[in-house]
Structure formats: structure tokens, C-alpha cells
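The values are calculated or read from the model by the stated rules, or taken from the named source; none is laboratory data. Just so it is clear, the model here is predicted, and its values are computed rather than measured. Note that each Cβ is placed from the backbone with ideal geometry, even for glycine, and that neighbours are counted across all protein chains shown.
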Amino acid sequence: MIKVENNLFTLTGDNFTYQMKVDSFGRLLHLYHGPKIIGDASSIISYRDRGFSASPYEAGFDRTYSYDYLPLEISTLGEGDFRTPGIIISQEDGTTSSAFIYKEHRVYNGSNKIKGLPSVVIEDAECLEITLEEELSKAKIILTYIIKDSSLVRGLEIVAGDKKIKLKKALYTFDYLYGSFDVTYFEGRHCSERTRKRATINTGALTFTSRKGATSHQINNGFIICDSNTTELFGSALSLELLWSGSFTFFAEKNQYGSTRVGLGMGSEFFEYELQNSSIALPELLITFSSNGFSDLSIKNNRFIMSHIRRKNLSKLNNPVLLNNWEATYFDFTGEKLLSIAKEAKALGCDLFVLDDGWFSNRNDDLSSLGDWFENKDKLKMDLNTLSSLITKEGIAFGLWVEPEMVSENSILFKNHPEWALMLKNKKPVRGRYQLVLDLSNKDVVAYIKSFLDDLITRGKLSYMKWDYNRFITDFFSSVTPAGKIEYDYILGLYSIFEYLNEKYPHLMIEGCSGGGGRFDLGLIYYTPQSWLSDNTDAIERLDIEFGSSYLYPIATFGSHVSAVPNHQTHRVTPLFTRSCVAMLGSYGLELDPTKLSEEEKNEIKFEIKEYKKYASLIKDGDFYRLLDSNEASSALCVSRDKSKALLIAVNRLSHGNPVDHHVKLKGLDENKNYLINGKVIPGSLLVNAGLLLPFTFSNDYEAIRLYIEEV
Ligand code: DGJ
């Protein structure tokens, strides 16, 4: 519900209130965000003379009015607010002072698609739009707020008039007058993405920035702000997630009066967006609130993403189980070898065979050929169309790996169009994985990518495409786009290709990937129903990546595969059953050579694929509960929304002499129902409150348990 009364804007969701007020100087104050309230929260603001705090001219000699203290919806430089600002604009004369004053607002139903960006579209949503105007340049800020369930979606557009401005930073900020907060962030590295960490917000800013032109493995663009005593099951928490796949900046800080400011948006050192009679829209920000701990927050947030953000898989394949040949062959294959793998994959029960890197031009290692997207007939001994036909004749769909945003210097493409690569004029380019990044801010490059993809999709009769991105941007120089605009315009170019593909080939399933999970974000999830979670396929390490990612992303979006042992990244040998259980916490697939499996292994995999298919809709459409997440053991429960079915998966890491038992409380089940587990009927109240003893035998390391739970 959105209520506007006497300059007070009260936005009420299922479980939260977000309140703002226009004050007597036309400034938009941020009053409150938390559990539902009624009334005007401006009563908690005190106006006092704070000594060395500055006051704006319009306050006259009233020293009790200062932006040094007031909670602001839009914070800028040069107004006496000495906290980290959300918006930095440099004016025509180079000064960076700016002040945004309330102009007008409107309330309407149904959110609008933001042109060129992923955006939440909800027909029955309530929306508030507030327009502010900057005093000097007359540039406008249009703020939008969409309310649905426990979520709020913020939007922000900057519209410049005749006067030239440069936008140097544009972050959504949140001010809290008092309180002690922690930030939970998801950091990592290649093969170890989205590890959960928690820090107390204190004086001095805690900042995280990706200046890589992409989300990055190192820090995800989703954060959780919570009370300092919030746990998995108790306390208030809110998640902040950008619908964006490029560079970003986050900060959290406390000021000298104990108020907290948190910001998330665009503002790396490479960003400087010049505007004149033009505009820029920030990617939307999804904010979900819960008063019942991280578990409830994840469930509410993930339900929202599944209903309003994640692209539906429109492919004719229903929850396809795929086999990807990357770890099976790397670059070493022929068409015949691929065919034999695809046949075995079909026999095991897979729905889709994916041909990964190495099928085009002279690509036999990662040193060459990116940009030359025609099949290597010498290597395959056939053309793409024939290979695809032979594979699909076996009754299994065909998919292909591509890395469209990249170019190798020894490619024909680079020879013909060196100006299409992002590199400085007077300096040799910085290489990453031996390759350069194409300039997707250039419309000609975007048109070229669309045209070769059209060709591959048609000739290869593709049902699926794995879209990889294996290096980050370093050289911010384009032959057509001003340097400060590249970060933003590049991502717009990328999204325009996805928009094109989704519209033209609605049944083509695209899986996102970036050297594993280097671009795992809501921007990509808007266009691709799943993304490769990590290049680390070791079951034990993958558990941590899955658990970390599950805080802010539905497990349906996790590309998740069973690979061979010894594992290629860790050299660890884990039981096939354990690998399969861990892969089931996501979109299941295989990443191994099935022609090298023993009969026993083949039979086990056949069984596992059948089991996965039985549970697939429960896993994907149900709610995910983290039950246990310790150094010793992990356990998760997928529960159907009506609480009639559940799947429990648990893994004990190392076996110990004289081990300690592990118990879990099956949160998510209905206390008033009875459930059948392993042939025994057990009351829900017992499972939820007394819990379940996990029946590990402790007879070997990496032991897994899988239990199917059904209402009786
Ligand atoms: C990185 C991906 O994450 C891998 O799965 C694989 O596709 C390689 N790139 C291929 O180069």
C-alpha cells in the first residue's frame, strides 16, 4: 500500500514499512525502513545545534538544521553532509556541489519495463514516482518505488537538461538514524565464489567495488544488512541486490552521531557519465525484508526472484539434465568422439548434450581463435549442422558453448577490426587468458555478435547456448564511446543481445557463465534461467558455494554438475552418491566422459538421474532451507510450497573415530502434518522442534544422506 499525506510517503509491504518525507526545505528525508509501523517516524529526528555541523543558507541562522545529521533519501556533496554521498555530479564549471529539491510525485499501478535494462514488471504492483530537481543544473532525479509482498524495488533515473553535467557516482543509499548493524557479504575468488562473511558497520567506510566491468568472482553485488543479533532464524535483515552485471560499488559506514549509511550502485573509478539533454537509468535494486532471520529472508527474496525476475525456461526441455563435455575432453575431441559421448549421455537419461569450448576455427587450446565463430571441420570431420543432426537423431538435444564478447589477437576478426577490441591507442593491450574484450558499447560489434549467433543457432539447430565470459575489462578505451561511459554502455550492449535472442528464439535456453560464477547476478538471471555456479566441481567445496549463493539466489539458477574423480580442481575422491546429492541442489547435469564409466557407475548415474527428475520440480519451485552449515557437516531441505513434500540432503565431511552425531530441526515442514520418512510416520511437530538424527554411518569420509519426506 502506498499512502501520501502531508508530504509523508508511507509504503507498506506485507511485513515492512518504508517511509520518506519532504521537509520544509524541499529535501526528501528517509525516515524509516523496518517492520510495519503506523504514524510519522519523523518524530525520532532531533533538531539540535551540533557545533561544527554546517547548515544550508536557506536555514538562515538556524544552526539546528544540518544535513550532517538528517537521514536523506538522496545524498550529495557540498551541502554540509560529510558522510559518503550517494550521488556525485560535476557541474559545467567543474564544481561538485549539488542539491536536489522535491518537485512532484505520482502513484500508479503496474510497473514499467526500463528500456535496455533488466527490470521487474509486475502488473498489479503499486508504484510511487518522485521527481526532484537539482538547483544549479536543473537536472532531474526520478525515483521509483515498486512494492510487492515483502520486497521493494527502487529505481533511479537522472535526466539532464541543457546544462552539461557529469555523473561520477550514482548509488542508492539508505540512512538509519541509530542502531547497530552488520553487513553480510559474499566474497571469493575463481573456484570459490560467494563465501559468506559478516562484518560490523562502524565509523570509517567498509567498501567493496568491482571495477572489472562485470560483477566478479571476488565480491557479489548482493548484500544483507541486519541487526547485530540477527541469526539464521531470528532477527531483522534486509537484502540489497542490483539487477546488474557490470562494475558496482557498495559502502557501509557509521557517522559521529551513530547513524548508519549504506549505499549500492555505480561508481567505480572508471565511471563518469556525461549528460546533456539525455538521461541514464541506474539498474534497479531489489530490497527484501524479513524480521525472522536469514532463512526467511532468503525464502521471501528467492520467491520474488522466481516469480518476477528469473527468465522462465521456455525451452521444450523440462528441467533438462545436461552433459557438458568440458571436463570430459577439454579441447581434445573429434566429431565422432562427441557423438559417442552424446549417445552414452542419452543412455544415461540426459536430455541435452552441450559441446563446450574448442569446436571452432583453430581453437585447440585457449591461446587462439575467439571471434572466428565457424566450426573447425578438420577437427570435427563434419560441419555443425551434420554434428547437430547426428546428435539429435540419438534423441538428445544439442547445445553449444560460445564466448561472444571476446576476441583473440590471432583471429580473422581482430585482423579485420582491431578497433572493435577495448584497448588504448598508444599502449599495448592488457591480456587476460590471452584474449581481449570486444567493445560492446559499439553498435557495429553488437550487430556482428547478433549475426554470428543467428547463424550458429540456425545451422546448429541449438536448443541451448552456454554464454561464457572469461576475462574482465582493463582497457577502458573505445573507438566510439567516451571512456567514462564504457562501463555502463558495454552492459547495455550485452543486454541488448540477450533481449534480441530471447525475443527471436524464445525456446533457446541460455546458461550464463563467467569462468564459473564470475558474473552471477540478477542482471544475468533476468535473461538466462540458470548460470554455471563455479568452475569448482568438487562436491565438498561446491557445498560451500551453493550454501553461500543460496542466501540471495534461488537454487534453480545454479548450474550444478556431477564430475569425475579424482576431481580436476581439488584431486579429491568423493563417492558418486555424494557428488550426485550435492549436484541435486541446483540444475543437475554431468561433466564427465560417460564412455569411461564402469557398468556399475553407469547404472548408478542412471538411477540418480531418474531420482533427480522425480524431485526436480520440488527442488526448483520449492523453498530452500539451510539446516546445518558447519565445518563438520552440511544439510539442506527443499520443501514444496504446500509443505506436503520435502527432500533432505546432508553431507558429513570427514569421518572421525568416536564421532559426534548431527541433528537437524526440519524448519519448513508443517507442525500439524504427519510425514513419512524411510517407511516411518513421524509427526511434523517432532521433526520441526525435536528434530531429526541424521543417520550417518560414519563409515567413510564425505558420506551423504538423501531422504524423501512426504505428508501422510
Ligand atoms: C570457463 C567455464 O567456466 C568452463 O566451464 C569452460 O566452459 C571453460 N571456460 C571453457 O574455456
| Going through the stretch 648-672 one residue at a time, which ones are touching a residue at least 12 places away in the same chain (Cβ under 8 Å) and surrounded by fewer than 15 Cβ atoms within 10 Å (Cβ to Cβ)? | Leu654, Ser655, His656, Pro659, Val660, Asp661, His663, Glu671, Asn672
| query | Phe476: crowded, with 22+ Cβ neighbours inside 10 Å, away from the ligand (no atom under 16 Å from the Cβ) and in contact (Cβ under 8 Å) with a residue 60 or more places away in the chain, yes or no? | reply | yes
| task | Report, by residue number, each residue of the stretch 685-712 that is of a type in the set (A, V, I, L, M, F, W, C), over 15 Å from Leu637 (Cα atoms) and surrounded by fewer than 17 Cβ atoms within 10 Å (Cβ to Cβ). | result | Leu686, Ala690, Phe698, Val712
| Does the stretch 156-198 hold any residues that are part of a strand (DSSP E or B) and either among the basic types (Lys, Arg) or modelled with pLDDT under 95 (or both), and which are they? | Lys166, Lys168, Lys169, Arg189, Arg194, Arg196, Lys197, Arg198
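Conditions (1) at pLDDT below 95; (2) of a type in the set (S, T, N, Q); (3) over 26 Å from Leu238 (Cβ atoms), marked per residue:
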| site | (1), (2), (3) |
| --- | --- |
| Gly516 | no, no, yes |
| Tyr527 | no, no, no |
| Thr537 | no, yes, yes |
| Pro554 | no, no, no |
| Asn567 | no, yes, yes |
| Phe577 | no, no, yes |
| Leu585 | no, no, no |
| Leu590 | no, no, yes |
| remark: Note on Asp332: of the conditions (1) over 30 Å from Glu232 (Cα atoms); (2) more than 16 Å from the ligand (Cβ to nearest atom); (3) in a loop (DSSP other than H, G, I, E, B), unmet is (2)
| Can you find even one residue in the stretch 70-89 that is crowded, with 16+ Cβ neighbours inside 10 Å and among the basic types (Lys, Arg)? | yes
| field | Asp366, sole failed condition from (1) within 16 Å of the ligand (Cβ to nearest atom); (2) at pLDDT below 95 | value | (2)
| said: If I ask for residues that are within 13 Å of the ligand (Cβ to nearest atom) and either under 17 Å from Trp326 (Cβ atoms) or not aromatic (Phe, Trp, Tyr) (or both), which ones from the stretch 513-524 would you list? | reply: Cys513, Ser514, Gly515, Gly516, Gly517, Gly518, Arg519
| Among (1) within 16 Å of the ligand (Cβ to nearest atom); (2) in a helix (DSSP H, G or I), which single condition is Lys337 missing? | (1)
| Out of all the residues in the stretch 258-303, which are among the β-branched types (Val, Ile, Thr) and over 18 Å from Ile555 (Cα atoms)? | Thr260, Val262, Ile280, Ile287
| query | Within the bounds of the stretch 531-538, is there any residue that is among the β-branched types (Val, Ile, Thr), more than 16 Å from the chain's Cα centre (by Cα) and over 29 Å from Glu405 (Cβ atoms)? | reply | no
| request: Go through the stretch 422-456 residue by residue and tally those that are in a loop (DSSP other than H, G, I, E, B), of a type in the set (A, V, I, L, M) and buried (at least 16 other Cβ atoms within 10 Å of the Cβ). | output: 3
| said: For the condition within 35 Å of the chain's Cα centre (by Cα) and either within 16 Å of Thr578 (Cα to Cα) or charged (D, E, K, R) (or both), what is the one hit in Ile677, Ile649? | reply: Ile649
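Residues are listed down the side, and each one gets a yes or a no for (1) over 30 Å from the mean Cα position of the chain (by Cα); (2) polar (S, T, N, Q); (3) within 16 Å of the ligand (Cβ to nearest atom); (4) more than 21 Å from Arg471 (Cβ to Cβ):
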| residue | (1), (2), (3), (4) |
| --- | --- |
| Asn376 | yes, yes, yes, yes |
| Lys381 | yes, no, no, yes |
| Thr392 | yes, yes, no, yes |
| Gly395 | yes, no, no, yes |
| Met406 | no, no, yes, no |
| Ser411 | yes, yes, yes, no |
| Ala421 | no, no, no, no |
| Lys425 | yes, no, no, no |
| Gly432 | no, no, yes, no |
| field | When residues of the stretch 1-32 are limited to those that are among the hydroxyl-bearing types (Ser, Thr, Tyr) and either assigned to a strand (DSSP E or B) or within 30 Å of Asn292 (Cβ to Cβ) (or both), the one farthest from the chain's Cα centre (by Cα) | value | Thr10
| message | Any residue at all in the stretch 200-220 that's surrounded by 23 or more Cβ atoms within 10 Å (Cβ to Cβ) and free of Cβ contacts under 8 Å to residues at least 40 places away in the same chain? | response | no
| message | Test of understanding: among Tyr464, Tyr505, Tyr448, which residue is of a type in the set (Phe, Trp, Tyr), farther than 30 Å from Lys169 by Cα and in contact with an Asp or Glu (Cβ under 8 Å, 6 or more places away or on another chain)? | response | Tyr464
| task | Answer yes or no: is there a residue in the stretch 525-545 that is away from the ligand (no atom under 16 Å from the Cβ), within 21 Å of Phe452 (Cβ to Cβ) and either in contact with a Gly (Cβ under 9 Å, 6 or more places away or on another chain) or part of a loop (DSSP other than H, G, I, E, B) (or both). | result | yes
